[in-house]
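Asks: Questions regarding the structure given below will be posed in turn.
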Amino acid sequence: MSQFNYSQSNFEDASYIKSVIFKSNNTNTYIPFIKLGEELLLIFDDLNADERNYYYNIEHCNIDWTSSNLSTIEYINGFNNEKIREVQNSFNTYIPYTNYQVKIPNLSTKFKISGNYLISIYNDDDQIVLKRRFIVYEPKTTVAVSLHRSRNISLIDTHQTVQFTINNNGLRINNPSEEIMPVILQNNNWQTAITNLKPQFYRGKQLMYLYDKETSYWGGNEFWRFDTKEIRLGNIDIAKVQLGTDTYNSYLYTNEEKIGQAYTLNPDINGNFVIRTLNGEYNNIDADYSWVHFSLNCLEDLRGKDVFVSGNFNNWALNNLNKLVYNHETSLYEVSILMKQGFYNYQFVTLDKQGNISNHDIDGSHYQTENDYTVLVYYRPFGARYTKIVGVGFGNSKVLLN
């Protein structure tokens, strides 16, 4: 695996910026990956609710997310520092907010080249309030992805192995080991990206990556979930709801550790979330916020480790906002997070002093767990000034080969 810093950016969203949705504008997608010419959708709320001005800036990056140092005119046709113009205030909510939306590319901003990109949102004082990564690719290759149980007997019940073949459809590749750089993502989480893989076999115009150990992931467990679309009532995931002085409080049933238990199928959306409400017509401005109270009963030895609620709802970040604290009175790990109405997936992860993240210390790991996998094909020929993305392949462990 590479030593690139693929963990999510250390930048934290401003405390008043919530419910950031950043994805392809295609139906039933949750990720900000697009082909050249397709469209991204960015939505976020500002709890200051004062209709302040926000602008976006887009930067082209290298494979390791450092700046590619290209000038703007080399990767954007049009303007970069543009104002976000689609702005609406929330309607009939306990917590007021202003909702912002922007589509990219648009009439003012179009992409010229593929690659890694970073979008920053800033205000009139040039203060950056959020950053997100996204991918623009061009389909110069096709990628066949297959998922397997590990061949290592000690890992066969807990791990999933990604194997893939890159089919070169006419792209001129002089030195595949140096010019082609694949990256593997599990559930589109950059924190656990696998990089620095070389092709093992060549067959005509195919590059074959049939690793076992080097491309193995902990399968983890199915994500926990809850749904607050009806914010005033409890349900199968929510034990009780209370209306406080200024907002609702949604108390989830206490989660019990799953480590050591047999695998149980529990369909999920792999850590993603969907904003929705039954209390209005327009989800983006009619959905309210509530304090969601998480509690975890865990008897494992977690000394030297911090515990977090993790998911795409906060860009997989691990910070004080989603860090659980042990309550000696209840003997539970607890945290409360302000979240917009919707359907959410989440998991419990640990972070040790060396920076190692584990999705299996609390919930265990099973080879049967359903996960999404993505293979990105980066291409940088000798002498090129930037790295392209020339193919994307997708796989799901629902279909797991022995």
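The values are calculated or read from the model by the stated rules, or taken from the named source; none is laboratory data. The structure presented is a predicted model; accordingly, all values stated were derived computationally and were not measured. No Cβ is skipped: glycine too gets one built from the backbone with ideal geometry, and neighbour counts run over all protein chains shown.
Asks: Could you check the stretch 282-306 and list, in sequence order, the residues that are over 23 Å from Q191 (Cβ atoms) and in a strand (DSSP E or B)?
Replies: Y289, S290, W291, H293, S295, N297
Asks: Now for a different question. Across the stretch 194-220, which residue is nearest to Q163 (Cα to Cα) among those that are part of a loop (DSSP other than H, G, I, E, B) and among the basic types (K, R)?
Replies: Checking each candidate, the answer is K198.
Asks: Further, regarding this structure: If you check V309 against the conditions, is it under 18 Å from the mean Cα position of the chain (by Cα), assigned to a strand (DSSP E or B) and either under 23 Å from I357 (Cα atoms) or at pLDDT 95 or above (or both)?
Replies: Spelling it out, V309 is indeed under 18 Å from the mean Cα position of the chain (by Cα), assigned to a strand (DSSP E or B) and either under 23 Å from I357 (Cα atoms) or at pLDDT 95 or above (or both).
Asks: Just to confirm my filter: which strands (runs of 3 or more DSSP E) fall fully inside the stretch 40-139 and include at least 2 residues that are of a type outside the set (D, E, K, R) and surrounded by 15 or more Cβ atoms within 10 Å (Cβ to Cβ)?
Replies: Fully inside the stretch 40-139 and qualifying: 40-46, 54-61, 76-78, 98-104, 109-111, 115-123, 128-137.
Asks: Out of V335, V325, report the one residue that is free of Cβ contacts under 8 Å to residues at least 24 places away in the same chain and in a strand (DSSP E or B).
Replies: V325
Asks: Among the residues of the stretch 226-239, is there at least one that is outside any loop (DSSP other than H, G, I, E, B), modelled with pLDDT of 90 or more and under 20 Å from F44 (Cα atoms)?
Replies: So far as the stretch 226-239 goes, yes, one or more of its residues are outside any loop (DSSP other than H, G, I, E, B), modelled with pLDDT of 90 or more and under 20 Å from F44 (Cα atoms).
Asks: Quick check: is even one residue across the stretch 161-176 in a strand (DSSP E or B), within 30 Å of G78 (Cβ to Cβ) and either in contact with a Gly (Cβ under 6 Å, 6 or more places away or on another chain) or in the same structural domain as L197 (by TED's automatic domain parsing) (or both)?
Replies: No; the residues of the stretch 161-176 include none that is in a strand (DSSP E or B), within 30 Å of G78 (Cβ to Cβ) and either in contact with a Gly (Cβ under 6 Å, 6 or more places away or on another chain) or in the same structural domain as L197 (by TED's automatic domain parsing) (or both).
Asks: Which ones in the stretch 371-390 are under 23 Å from the mean Cα position of the chain (by Cα), farther than 17 Å from Y117 by Cβ and not aromatic (F, W, Y)?
Replies: N371, D372, V375
Asks: Here's something else I'd like to know. Has the stretch 39-50 got any residue that is at positive phi and not assigned by TED's automatic domain parsing to the domain that holds N189?
Replies: Yes, some residue in the stretch 39-50 is at positive phi and not assigned by TED's automatic domain parsing to the domain that holds N189.
Asks: Another question about this same structure. What number of residues within the stretch 28-39 satisfy the criterion of being part of a loop (DSSP other than H, G, I, E, B) and under 17 Å from the mean Cα position of the chain (by Cα)?
Replies: So the count comes out to 5.
Asks: Sticking with this structure for a sec: If I filter the stretch 237-248 for residues that are surrounded by 20 or more Cβ atoms within 10 Å (Cβ to Cβ), out of contact with any Gly (no Cβ under 8 Å at 6 or more places or on another chain) and touching a residue at least 24 places away in the same chain (Cβ under 8 Å), do I get at least one hit?
Replies: The answer is no; no qualifying residue exists.
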